[in-house]
Amino acid sequence: ELYAGIEAAATEKKIEYCIINRNENSRRKLLEDIREQQCSGVLLLLPTLFEKDLPDLAASELKVIAMDQPSALTEIGFVGNDSYKGSL
């Protein structure tokens with residue numbers, strides 16, 4: 001459902017987007033993958049998986065938003081949700 005919402009919003013706003021799937025064993029830095037894809041912004045769906053990459057992302061000129069868990073870095077935005085109210 002989350003991806004469907006992202007797709008709908010991107011289509012409505014005529015925004016191109018790409019999805020980069022990563023795992024913690026990746027040898028490349030996340031910022032390298034993002035730059036290779038020529039992204040102008042980042043939406044982190046599982047920000048805790050990217051803790052080691054957050055300082056590089058914060059120092060970049062990219063717009064970075066974390067979902068569900070705020071970062072201690074003020075350069076990284078945050079969008080939360082209320083799962084309990086959402087389930088009701």
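Taking 7 Å along the Cα-to-C-beta vector as the label spot, tell me the Arg22-Leu88 distance in nanometres, rounded to one decimal. About 3.6 nm, to one decimal. Here the contact order of the chain, divided by its residue count and restricted to Cα pairs under 8 Å and six or more residues apart, works out to 19 percent. Quick one: among Ile76, Ile15, Ile65, which has the greatest mean-square fluctuation in a GNM of the chain with alpha-carbon springs under 10 angstrom? For the chain, modelled as a Gaussian network with Cα springs under 10 Å, the answer is Ile15. Qualifying GluC sites (Glu not before Pro) in region 2-57, where qualification requires a DSSP coil assignment and no more than 14 other C-beta atoms within 10 Å, comprise Glu16, Glu24. Note on Phe78/Lys52: beta-carbon distance plugged into 1/(1 + (r/R0)^6) with R0 of 25 Å gives a FRET efficiency of 0.85. Per-residue ellipticity at 222 nm from helix content only, as computed over the chain with -39500 (n - 2.57) for each DSSP H run of at least four residues, stands at -9000 deg cm²/dmol. Here each label is just a point 7 Å from Cα along the line to Cβ, and for Glu7 and Lys63 those points are 2.3 nm apart.
Exposed loop positions in the chain were taken to be trypsin sites (Lys or Arg not before Pro) whose DSSP state is not H, G, I, E or B and which have at most 15 other beta-carbon atoms within 10 angstrom. Between these positions, the longest stretch is 30-88.
Only the coordinates and a few stated rules stand behind these numbers; no lab work does. Just so it is clear, the model here is predicted, and its values are computed rather than measured. Cβ: placed from backbone, ideal geometry, glycine included. Neighbour counts: every protein chain shown.
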